[in-house]
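Asker: I'd like to ask you about the structure that follows.
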Ligand code: ADP
Ligand code: MG
């Protein structure tokens, strides 16, 4: 019984769209190209963005300047093609008992001309405007009134997204509704079988799945529509959380992991003798979570979220020592050469008195070093490898890689990460550390298959950074302020936007800026370092090092400095043309100061002409130092589609839900999904059988054989 039904479902909903009444090959082509509608199911899930009340007919005399979309009923009295070339247009007149409305077409004239019938009654819909005191609609949607259509329209009519090309094929936002209508003549309750367990339906008083789909397209009133949306939105979020939860569960249960079962000599020696500070509570907690994962016998796949400066590097180092204690190699992958180098420097310094071998591997390593390093990787002489993308090249073969740490995650794609996993027969444990926090809702959806840890505590003794917004004409005062700080022995960063390292204009601005800074801070009283993406790695590094060592007081740089660089003595960060930066990037840049015990400052310089949105971003920066808050604001302002690294992830492709507005629902759905998985991971109870069927169906044909 079940099998027949399921196959049946699949055949209808997965039917190619050209099989639907009213479609045909040409329209099908357009629907595919313009809206990505390939099957019945795709059309079913193309939801209307609004409905018009078909019972509302506006009298022509009542159309005013303030009228937006209107529906008018009347007789077509005449039409003509007037004008030439670009001014060529078709003008028609529609009359009701109160006045005359002008209808105008600039496109598709020949086609429209053939379809219009003078003397017939029409139902006309469109956005009203006025031209020379005469009400008119440009490119209206027209429907001829027959005895049949006149009576049958007492519901809310759905309007769908459409395009010019579809409109030219008589598939306007309104006409697509006819296809959906046809679709419902062949769909019945069984094809849209219930997929939510009864307790959930009861708890939320949800309408059935079939009803919901029907009512979201063709509601009789607003209540019906909202009932449909709330059910389908829940379903969308809940099913995605259930799927992610099951992925996590399966991974936990089936993935074989290397076992780090002891904390040994290396860790303990370091902890007792060389740890330069007390760990924060958050660092300790995260280490515990990592140890628990790595000792469990399953592979760790953990996302570590911590604000800029919360001390993720130390967590990475201590984890790598645990790996070494258990006889495994580890690698730490950073997104830029500067950062890899810096990690290497600070880690070798911390480990200098310990019997542990650390090496650096980047794109610019010399052939000789490279050969050496690769050999040490392979024969196991080296314990810790630090590097850039270069570490995932095929030439890098480890003897026994046990732990791979990816710093500043959002710059690496999932694919690159998975390359790391493949470096050992049993996958190494993976720890992914984000550069800036991402909002929880995003973490739940985009990275929902990872486990995750939060470091929500800063090392002690940090002063919050004071951030101010200044207009460019105040630059002299800002420079004087920097002088004062330098007098106190501090250092300063001045950052220029060079988003595209190759952009010529940005580069010229940077050079101009550098000259300007030099004029304010002449040698030999002051020394300036400059770093940008066009420099050779060695030159970059040399300039960086002079600043790190305090030989230069000012670092003029592009955003290459953005991630990770650590100079605790720096107390001022000036961001030039700050209006050009996004929130996370500004926050990340600001995190370069406030790392020592001195009070630190961030100055956001802009011209006076900036957009309202830029102003809003600057305001947020001045108001808070909290990366998690900034991430939330960023998501609110930009929407999920724009958040770096999530575009292609697919999981954020919600049709109805929105991770900004539906936060609470998302949390709730996650809890429910987790409870279900906890109690019935196989979804084999009668109650969850619907879910199981549904998920298996969604996996596609290959899974059908498993349904029994
Ligand atoms: P991020 O999380 O941004 O990568 P880092 O690991 O670079 O931060 O740490 C920022 C600074 O804080 C570094 O100078 C580091 O040495 C210091 N630090 C880290 N943990 C502690 C701690 N528990 N107590 C004091 N300072 C710490
Ligand atoms: Mg870091």
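No value in this document is a laboratory result; all are computed from the given coordinates. Quantities reported herein were computed from a predicted structural model and do not represent experimental measurements. For neighbour counting, all protein chains shown are included, and Cβ atoms are generated from backbone atoms with ideal geometry for every residue, glycine included.
Asker: Sort 579, 189 so that the residue with the fewest other Cβ atoms within 10 Å of its own Cβ comes first and the one with the most comes last.
Answerer: Taking fewest neighbouring Cβ atoms as first place, the list is 189, 579.
Asker: Can you classify region 206-337 as rounded, prolate or oblate using the Cα gyration tensor, where a ≥ b ≥ c are the square roots of its eigenvalues, rounded means a/c under 1.5, and otherwise it's prolate if a/b beats b/c and oblate if not?
Answerer: prolate
Asker: Then there's this: Could you put 622, 331 in order, starting from the residue whose Cβ has the fewest other Cβ atoms within 10 Å?
Answerer: Details: 622 13, 331 27.
Least crowded to most crowded, the residues run 622, 331.
Asker: Find the centroid of the Cα atoms in region 55-78 and in region 584-638, then give the distance between the two in whole Å.
Answerer: 50
Asker: Also, I was wondering about something else. Could you tell me whether the chain comes out rounded, prolate or oblate from its Cα gyration tensor? Rule is a ≥ b ≥ c as square roots of the eigenvalues, rounded for a/c under 1.5, then prolate if a/b exceeds b/c, otherwise oblate. Working shown, then result.
Answerer: Details: a/c = 2.67, a/b = 1.56, b/c = 1.72.
It is oblate, given that a/c is not under 1.5 and a/b is not larger than b/c.
Asker: Arranged from highest to lowest average of other beta-carbon atoms within 10 Å per residue, in what order do the peptides 317-329, 296-308 appear?
Answerer: Per-residue mean Cβ counts within 10 Å order the peptides as 317-329, 296-308.
Asker: Another question about this same structure. Taking square-rooted eigenvalues a ≥ b ≥ c of the alpha carbon gyration tensor, is region 40-193 rounded, prolate or oblate, where a/c under 1.5 means rounded and, failing that, a/b exceeding b/c means prolate?
Answerer: prolate
Asker: How high is the relative contact order of the chain, in percent, counting Cα pairs under 8 Å that sit 6 or more residues apart? Mind dumping the intermediate values first?
Answerer: Values: 1188 pairs, mean separation 84.1, N = 708.
The value is 12 percent.
Asker: Sort 104, 72, 556, 478 so the one with the fewest other Cβ atoms within 10 Å of its own Cβ comes first.
Answerer: 104, 478, 72, 556
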